[in-house]
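Accompanying notes for the structure given below.
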Amino acid sequence: MFDKARSIQIAWFLPFEPPAPAELFDAITGQEPDAFQKVSPPNAPFPIITQVVNRGNVQHRVQSHIGRVDYFIEAIATEQPVGMLDAPLVHLAQALSRIALIGETLGEVTRVAIILNLCEKVGSFQESAAIFNKLFSNHITLTDDRDLMFQTSRRTGDSTGYFNRLLRWSTEYFSFQQIVNGVPAAGMSLVESYYVNYMIDVNTVPAENVIFQPSEHSELFARVAAIADGLTSLGRIEDLQ
């Protein structure tokens, strides 16, 4: 049922400093940033650079610091309190189409990850609870519990590579009211919104002295993406092998 996403995240773990910001952003997005920010100590434990470009209702954000680069694809909220991406796997495929070029720019990496923050808007807490009941094949019965969260981590792979699969389901609730000149707008009632979130984090298992060369990035990310793709349709927790 999760056919929308709050965000898509791709991460690279580096054994050294990331490339120059402009070169990095161009390799990942093929664009120039609309905004650039650098936060340095004492406001951060180490220098962190954030670059952003907005295209339509989608924001592309690259955050980099020593040892790590993260690429976020996020929906920009418009009429709803939560922005959601349609066809998240299409966005992911478009991002991964540049992996070979990105690998040439980044060089060696020690680990990689793909994180999908899927989301579905529902009508009530009861609908949220029903999704959790289905997840557990109705072995437990939840009704109108407001705050629900379940997380599990399972490893998969073989001698050619092992991957962590961190999965988290959670509920979320927003209420808002239009304010005019500091007071609630006349005739405007409180609007309530309910969401169920499903986070899929697939990442390579840390291993001593393991380095992935640029030529290996495409195949490595293809394996990670295939695992993440398969998990998007997971209906029951007992189906997780």
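The values are calculated or read from the model by the stated rules, or taken from the named source; none is laboratory data. Here the structure is a predicted model, which means the values were calculated and not measured. Cβ: placed from backbone, ideal geometry, glycine included. Neighbour counts: every protein chain shown. Quick note on the areas: whole protein, heavy atoms, side chains included, nothing else; ligands and nucleic acids left out. Shrake-Rupley method; radii C 1.70, N 1.55, O 1.52, S 1.80 Å.
Cβ-Cβ distance below 8 Å, separation of 6 or more or different chains: which pairs start in region 116-132 with a residue that is within 12 Å of Asp147 (Cα to Cα) and touching a residue at least 12 places away in the same chain (Cβ under 8 Å) and end on one that is β-branched (Val, Ile, Thr) and open to solvent by less than 20 Å² (accessible area, probe 1.4 Å)?
Ser128/Val122; Ser128/Val196
Would you check if Phe25 is more than 25 Å from Val196 (Cα to Cα), open to solvent by less than 30 Å² (accessible area, probe 1.4 Å) and aromatic (Phe, Trp, Tyr)?
It is true that Phe25 is more than 25 Å from Val196 (Cα to Cα), open to solvent by less than 30 Å² (accessible area, probe 1.4 Å) and aromatic (Phe, Trp, Tyr).
Given the criteria of a type in the set (Val, Ile, Thr), free of Cβ contacts under 8 Å to residues at least 40 places away in the same chain and within 21 Å of Arg111 (Cβ to Cβ), does Ile48 qualify?
Considered against the rule, which asks whether it is of a type in the set (Val, Ile, Thr), free of Cβ contacts under 8 Å to residues at least 40 places away in the same chain and within 21 Å of Arg111 (Cβ to Cβ), Ile48 comes out as yes.
When region 138-171 is examined, which residues are found to be in contact with a strand residue (DSSP E or B) (Cβ under 9 Å, 6 or more places away or on another chain) and at positive phi?
Of everything in region 138-171, those that are in contact with a strand residue (DSSP E or B) (Cβ under 9 Å, 6 or more places away or on another chain) and at positive phi turn out to be Gly157, Gly161.
Output yes when any residue across region 134-144 is within 30 Å of Glu238 (Cα to Cα), hydroxyl-bearing (Ser, Thr, Tyr), touching a helix residue (DSSP H, G or I) at 6+ places or on another chain (Cβ under 8 Å) and open to solvent by 50 Å² or more (accessible area, probe 1.4 Å), and no when none is.
Looking for residues that are within 30 Å of Glu238 (Cα to Cα), hydroxyl-bearing (Ser, Thr, Tyr), touching a helix residue (DSSP H, G or I) at 6+ places or on another chain (Cβ under 8 Å) and open to solvent by 50 Å² or more (accessible area, probe 1.4 Å), one finds at least one in region 134-144, hence yes.
Tell me which residues, restricted to region 117-127, are surrounded by 17 or more Cβ atoms within 10 Å (Cβ to Cβ) and either in contact with a helix residue (DSSP H, G or I) (Cβ under 8 Å, 6 or more places away or on another chain) or modelled with pLDDT of 90 or more (or both).
Result: Asn117, Leu118, Cys119, Glu120, Val122.
Condition first: among the hydrophobic types (A, V, I, L, M, F, W, C) and either out of contact with any Lys or Arg (no Cβ under 7 Å at 6 or more places or on another chain) or within 30 Å of Ile66 (Cβ to Cβ) (or both). Now tell me which residues in region 119-148 satisfy that.
If the condition is that a residue be among the hydrophobic types (A, V, I, L, M, F, W, C) and either out of contact with any Lys or Arg (no Cβ under 7 Å at 6 or more places or on another chain) or within 30 Å of Ile66 (Cβ to Cβ) (or both), then Val122, Ala129, Ala130, Ile131, Phe132, Phe136, Ile140, Leu142, Leu148 are the ones that fit.
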